[in-house]
Every structure is written in structure tokens, then in C-alpha cells.
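The values are calculated or read from the model by the stated rules, or taken from the named source; none is laboratory data. Values in this document were obtained by computation on a predicted structure and should not be read as measured data. Positions of Cβ are backbone-derived with ideal geometry, glycine not excepted, and every protein chain shown enters the neighbour counts. For accessibility, only protein heavy atoms count, side chains too; no ligands or nucleic acids. Shrake-Rupley method; radii C 1.70, N 1.55, O 1.52, S 1.80 Å.
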Amino acid sequence: MDRRLGPAPPHRRPKPKPQSCPDGDSDGVDRISGLPDHLIEEILRRLRCARSATRISLLSRRWRHLGLLWRGYPEFSFRGVEAEALPAALAQVARPELSLLDIDTHPMTSFKVAGIASLLRTAARLAPVELVVSAKLNEVLGRSIPFELQLPCFHRAKSITLELKYYNLNLRVTGGEFPVLERLFLVNCDVRISDLISRAPRLRSLQASHHQLALYTGYIMVHSTTLEELLLDRWDLFGGIDIVAPALKTFTLSADMVSNQSRITLTTATVEHLSWTCIFCTNQLIHGVWSLSNLKLKNEQDAYVLSLCLNDIIDTHTMEQPRNLQEIVQLPIVSVLELDLDKWRREVHVYGPLLLNLLGMEMFADIKRLKLVYSRHVDVKLDKACPSNCTCGQPQNWRSQSISLMALEVVEIEDFIGKGDEVDFLKLLFRSAPMMKRVTVKPCSHAVPSFRACKEICNIFREHPSVKCYSYDSYGKKVLYPHSTYAARCRGR
């Protein structure tokens, strides 16, 4: 078979690649250098970072002289700069006053205490309106001797953030004058708050937090006519807290009161939100096995809503004597009480005396709504009776007692399994609240009430026809009493 190759295709020369301009695009036009000066200056200004402005100025020959203009900008950000290079970088700042100075040093470099003091003095000379400093400290002697960091005067600063990163260092922050300061955020700064507030007459927001639990042996005094927000995070307090702040709206505390004499005293007329999380519930024993874990107070439409979380996670054999809640924290009269009993231990404890103890306090005399949640974790089996010497059931005659709840109108109970003391406390509520209008009982999702409990609940509801009694049907829908799961179980028997 004759096979002949066809003619070879014509040779095509490759198109020559256009010579690119070292500072421009592939078509030879240097568009970056063609930008007007005012636009280049705006690009460099919006970077807000001296290091980035210096680097990006190398993109074009014409940008290089404009890259030096960053020294006269009102806002500076030095991020990732090594500690040794910061003094030289700050020395190039040409403006006598700044609107922003943001310093975040390289994580692998650190200062001595004297070095960070010098850095803060340099920052004070630049007179920023907003100052942010985040730096790592390292001292060879560690906690063997105390160190003191003296703050300079920041006469123009309205906002200061100071974060000191260190480990195992005995450091006290003192001094400073802040005549126009409105916001102060301190991280890992052991300060005497009362002295600090006296040097900041216009302070509106103060946040002081720690990466590790910080031990404070004194009594914290917060007396201010301008303070609106106060946050103290991860404090270990031997003393208490005395707050006299008529303008205070938000107070957040994450701390543990080490001493059983500690107390929070709050004197304010406008507080809208108060939150206290107990890191270790060692000295907040309220009654029996129950200790205070979390407290939140909200102001909703001129009515205070108090949320309490109590748990039994701590072994009470190692704890102090129970304390009245009013001895731990002084609160205004509340209208709504939300109580969460967070069940962790295996022992079956009695709830009634604890609830009787709480509701009998003066601060709860005018509550209109009560929400009670028996939080039982699914993996905790309630199969162990509490010890014979347990005080959770004291006094023993609590079932026959009554308390004055003349304003109580609405009651909500969740995770109800119908234990004897739960049913008895429900009877006590009906007996103590003559103005009751509505009661809602939601069964526990993983514990079916017994027939006897269902029968007793139905009897209670039937004895109070003037009260709208709600429960839930087998489909999880909220219904009036005759159609509830409790009534269905009674009929099914």
C-alpha cells in the first residue's frame, strides 16, 4: 500500500514577547508611576502601617520619595516590628501629635520592664488620641522580686489599650495621668483601680482582664460619677467590690471571692446589665449543696430581671458555712427571677428548702414572674441518695411553711420529673401566691414522671380552676391542663 506523506506545514515564527517595563505592565506602560501624587499619598495613608508603606513604596521609582511621607501621617501602626527596632522607627515620626498610635511587637521579641516603660514614655511624647500597645515582657528574675511599671501622662488620649504578655512575673502598674481619657482596656496589668479612676476624671469604660487568674488581696473601690461600663475578667479576690457609680449601665465580673467575707456592693441608679461568673464556686455556698455559679441582672423596661445559676458540682465537705445571697451581693428589688439548678453530682438532693430560702429574701418580695429550671444532664444518673448528714433538706418542716409572694402571677417550671419535693414545692407556690394567673410545667425530656406524680399534679391543677395551668402533650406542644401528658397518663391508668 502506497503511503505518501503530505507537505510539511509552513514554519511559523513565535511572536516576540513584548519587553516589559520594570515598573509597569506588559504593554510597556508604567501605570503605577502614572498615578497622581494625591492618590499615591492616599493609598499610603490608608495602609495605616509604617512598615507596609515603606515596603509598597518600592513598587515604583516615583513612589520612593512619596514613601517617606508616612512620617508625617496622623495615624501610625507598627505591627510585627522587633522590640530593638521600635525606638528608631518611632524617632522618624515627624508629627508632634497623632490621632492613632498602634504598636504590636513581633511575638518572638520581648521587652524588659524598663524597656516597656521607655516605650510608653516615647508614645506619650507623640500625644496620640488613641493608643494601642501590645508587647511581651521577659524578666530573668521572674516573681522573685516585684517590678513596678510607671505609666506616663497621656494628656490627649481618649482611648488606651495596653496588653502586656508575660508569664510568672510579679508586676504592678502604677502612676499615669489621663485628663480626657474615656476608654481604658488593660490586659495583664495589675493596677489599683481606685487610684486609676481618680486619675481619669472623664472615664466612661474600664475593662481589666487577665490571661491567667490574677490574685488581688485588697478591696476594690470603684467610685466614679462618669463610669458607664466596667468589666473585670479573671480576678481572684480576697476582698470585695464596692461600686458607687450613678451612671453605670453595664458591669461584668468573672472572678472568685476567695474569702467567705467577700461581698459585692453595687450603688447605681441606671444599671442595665450585671453579669458575674464565679470561676471556682468555693465560697459562694448558698444552701445545702448548692453554690452560686452565675448571676445576671438585666434592666428591661424599668424592671429588673435576675438570672441565677446554682450547681452542686463542689464537694461541700471542704466548704465554709452557707451564706445568704444578700450577704454575697447587694441587689435591687427584682421583678423577674430565673433560677437554673444545674445538676452534676449523682446524689438525689432536695430542692424545696433552697427555693424557700431564696424566695423568702427581701429582694424577691415583689417578683411577678418566676422561671425555674431543673437542669439534669443526660449522662448523670440520679441513683444515689445524699448522705445522712446532708443539709439540703433543712429545715425538715419546710413543706408546711409559706412565704409571701403577693405579686407573683406567672410561674414556669422546666425539666420537671415529679419528685416528692418538686410536687411539694409546687403546692407551696400555689399556697403562697394568691394572685397567681398562669402556671406552666414542662416535663423532663429524658425522665418520664411516675403515675403518682402525674396524679398529684392533676389534683393541684384541678384545685385551682382560676389559674391557667399549662403543660405539654406527647408531641411536645404546649397545651392547657386537661390535654396535657399528665392528664393523659392519669386517664390511661
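The lone criterion from (1) of a type outside the set (A, V, I, L, M, F, W, C); (2) surrounded by fewer than 16 Cβ atoms within 10 Å (Cβ to Cβ); (3) under 23 Å from the mean Cα position of the chain (by Cα) left unmet by Pro146 is number (3).
Scanning the range 170-189 for residues that are surrounded by fewer than 19 Cβ atoms within 10 Å (Cβ to Cβ) and in a loop (DSSP other than H, G, I, E, B) yields Asn170, Pro179, Val180, Glu182. Would you call Ser450 surrounded by fewer than 20 Cβ atoms within 10 Å (Cβ to Cβ), among the small types (Gly, Ala, Ser) and modelled with pLDDT of 75 or more? It is false that Ser450 is surrounded by fewer than 20 Cβ atoms within 10 Å (Cβ to Cβ), among the small types (Gly, Ala, Ser) and modelled with pLDDT of 75 or more.
In the range 211-258, of all residues being polar (S, T, N, Q) and more than 15 Å from Leu196 (Cα to Cα), the one that is modelled with the lowest pLDDT corresponds to Thr217. Look at the range 413-441: where a residue is closer than 16 Å to Ser375 by Cα and a partner is hydroxyl-bearing (Ser, Thr, Tyr) and open to solvent by 30 Å² or more (accessible area, probe 1.4 Å), sitting 6+ places away or on another chain with Cβ atoms under 8 Å, you get Asp415/Ser445; Gly418/Ser450; Val441/Tyr470. Restricting attention to the range 393-419, the residues that are open to solvent by 50 Å² or more (accessible area, probe 1.4 Å) and over 15 Å from Lys468 (Cβ atoms) add up to 11.
Set side by side, the residues Phe461, Phe425 differ, and just one is part of a helix (DSSP H, G or I) and either under 36 Å from the mean Cα position of the chain (by Cα) or at positive phi (or both), which is Phe425. The residues on offer are Ile264, Ile279, Ile328, Ile333, and the sole one that is surrounded by fewer than 20 Cβ atoms within 10 Å (Cβ to Cβ) and modelled with pLDDT of 75 or more is Ile333. Listed by first and then second residue, the pairs with beta-carbon distance under 9 Å, at least 6 apart or on different chains, first residue in the range 116-132 and over 20 Å from Glu84 (Cβ atoms), second at pLDDT 95 or above and among the aromatic types (Phe, Trp, Tyr), are Ala124/Phe154; Ala127/Phe154; Pro128/Phe154; Leu131/Phe154; Val132/Phe185. So, Phe154, is that one farther than 17 Å from Val173 by Cβ and open to solvent by less than 20 Å² (accessible area, probe 1.4 Å) or not? When the stated conditions are applied, Phe154 does not pass them. Residues in the range 197-207 that are closer than 12 Å to His223 by Cβ and not in a loop (DSSP other than H, G, I, E, B): Ile197, Ser198. Looking only at residues in the range 93-118 that are closer than 9 Å to Lys136 by Cα and surrounded by fewer than 16 Cβ atoms within 10 Å (Cβ to Cβ), the one that is modelled with the lowest pLDDT is Pro107.
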